[in-house]
Amino acid sequence: NLLAELGKVLKQITGFEVKKPDWRTETLPLHLKMRFEVIDREGQLLKAGRNLGQLKKQLAEKPGERPQTKIRQPFEREDIQDWDFGELPETIETEESGYVLRQYPAVSKEGSRIALRLFPTKEDANDAMAAGLRLLILKKLKQECRYLDKNLQDLAQHCLLFSSLACCDVLKNDLYESAVQSCFIENNEYPKNKTEFARMMDKNIKKYIPEVMRLSELLGQILPEWHALIKQLKGSLPLNRIEATADIKTQLENLVYPGFLTATPREWLNEIPRYLKAIQLRLIKLDQTPDKDRLKRVELEPLLVRLKNIDIESLTANEKIIQYRWQLEELRVSLFAQELGTKTPVSVKRLDRLWKEVNE
């Protein structure tokens with residue numbers, strides 16, 4: 001990594017540590033940015049540019065633009081209802097425009113349908129597989145879902161509290177998918193064939209209804225507290241509350257949103273009620289000692305800024321960044337509501353060390 005190496009040299013020369021966000025690469029003149037060229041097997045230029053991520057997206061296939069080659073045509077399928085497509089290979093090689101592409105197959109969710117698709121990177125395939133597999137499992141749980149639709153008594157109340165963010169179906173689908181993630185998909189390991197898929201279903205199906213009920217109970221702890229906080233933060237505010245309120249609103253947006261049940265790692269999802277109680281305690285103390293809140297915000301702000309430069313994929317896929325993101329919530333508890341206690345020991349120094357690991 002060029003920036004990391006430059007940082008090491010500068011530290012040796014000056015003694016000062018230059019962190020990744022400090023480089024502000026977006027301000028570089030165009031001629032100083034690296035130019036990337038993608039060529040085929042014959043050496044012909046396919047694409048060129050200075051934004052590698054954009055180049056990848058431009059060269060990646062788009063729905064409706066997939067050339068149907070002899071190798072690929074038998075694999076890709078629409079409207080999958082069950083695992084009836086045999087083995088899911090690790091990679092598939094296709095020949096296009098005179099060069100060989102190694103592509104990665106996955107079961108992919110496309111709206112409310114499931115398809116077999118090929119992806120340009122393993123990471124893209126894994127992301128697609130997570131959502132596609134959850135939907136495929138749900139198709140096998142129709143009887144269980146019908147039972148839950150009739151017997152999940154608190155769902156209407158949950159939906160009412162959540163209505164400012166999304167409709168009831170969005171919350172219900174998130175609830176059902178989140179339970180699938182907990183019960184069936186262990187450590188993001190996916191079945192590779194029909195036998196493994198059937199074994200996974202048989203092993204875990206009895207856990208599903210109890211897990212939905214448990215998650216519904218958790219929603220019963222989260223949504224009333226969240227809704228009360230949202231109401232409390234509306235309307236005109238005294239001057240000493242404006243900055244703190246903006247910080248809290250951002251925090252709430254990152255805790256509760258459409259899809260948060262499935263997106264939040266299970267170990268941290270269970271902690272959200274405590275984070276919401278910590279916010280309530282912070283608001284009480286804010287009225288009494290606004291200056292103390294401001295000093296703690298000053299301590300917290302540099303740690304929060306780091307995540308603003310992180311792309312959404314890393315926030316949900318990079319384990320170190322995920323750990324850092326949730327340790328920030330623990331630090332908030334430690335700073336603003338210490339009496340509630342933290343899940344793990346936490347401090348600014350610990351978070352600095354963790355961020356250093358992110359950048360290594």
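So for the pair Val38, Lys343, with labels modelled 7 Å out along Cα→Cβ, what separation do we get in nm?
3.8
Round to the nearest 0.05 the FRET efficiency obtained for Asn254 and Glu17 when R0 = 41 Å and r is the Cβ-Cβ distance.
About 0.90, to the nearest 0.05.
At what distance in angstrom do the alpha carbon centres of the range 259-302 and the range 168-211 lie from each other?
Each part's Cα centre sits 31 Å from the other's.
Using a cut-off of 30 Å between alpha-carbon atoms, which lysines can reach Lys203, once sequence neighbours fewer than 8 places away in the same chain are excluded?
Here the lysines satisfying the reach criterion relative to Lys203 are Lys109, Lys122, Lys139, Lys140, Lys142, Lys150, Lys172, Lys192, Lys194.
I need the shape label for the range 233-360. Rule: rounded when a/c is under 1.5, else prolate if a/b > b/c, else oblate, with a, b, c from the alpha carbon gyration tensor.
It is prolate, given that a/c is not under 1.5 and a/b is the larger ratio.
What is the calculated FRET efficiency for Arg266 to Asp154, with r their C-beta to C-beta distance and R₀ = 30 Å, to the nearest 0.05? Intermediate values should be presented prior to the final figure.
Numbers: r = 20 Å, r/R0 = 0.67.
E(calc), rounded to 0.05, equals 0.90.
What does the extension gain come out to for Glu217 and Asp202, with contour length at 0.36 nm per residue minus their alpha carbon separation?
Full extension of this stretch gives 2.9 nm more.
Give, as a single signed number, the net charge of other residues whose beta carbon lies under 15 Å from the beta carbon of Leu354, with Lys and Arg counted +1 and Asp and Glu -1.
Neighbourhood net charge equals +4.
Using Cα positions and a limit of under 15 Å, work out the aspartates and glutamates in reach of Lys277, with same-chain residues fewer than 8 apart set aside.
In chain and number order, the partners are Glu225, Glu329, Glu330, Glu339.
Strictly over 29 Å apart at the Cα level, which of Lys56/Lys349; Lys207/Lys308; Lys231/Lys285 would you flag in this model?
Values: Lys56/Lys349 37 Å; Lys207/Lys308 38 Å; Lys231/Lys285 18 Å.
Result: Lys56/Lys349; Lys207/Lys308 exceed 29 Å.
Between rounded, prolate and oblate, where does the range 140-232 land on the alpha carbon gyration tensor, with a ≥ b ≥ c its root eigenvalues, rounded for a/c under 1.5, else prolate if a/b exceeds b/c?
On the way: a/c = 2.70, a/b = 2.12, b/c = 1.28.
It is prolate, given that a/c is not under 1.5 and a/b is the larger ratio.
Using a simple spin-label model with points 7 Å from Cα along the Cα→Cβ vector, what separation in nm is obtained for Asp169 and Lys56?
Those two pseudo-labels are separated by 3.3 nm.
Name the aspartates and glutamates eligible as straight-distance cross-link partners of Lys19: C-alpha to C-alpha under 14 Å, and not fewer than 8 places from it in the same chain.
Cα-Cα hits under 14 Å: Glu5, Asp352, Glu357, Glu360.
Values quoted throughout were computed directly from the atomic coordinates according to the rules given, and no laboratory measurement underlies them. All figures in this text were calculated on a predicted structure; none of them were measured in a lab. Every residue, glycine as well, gets a Cβ built from its backbone with ideal geometry; the counts of neighbours run over all protein chains shown.
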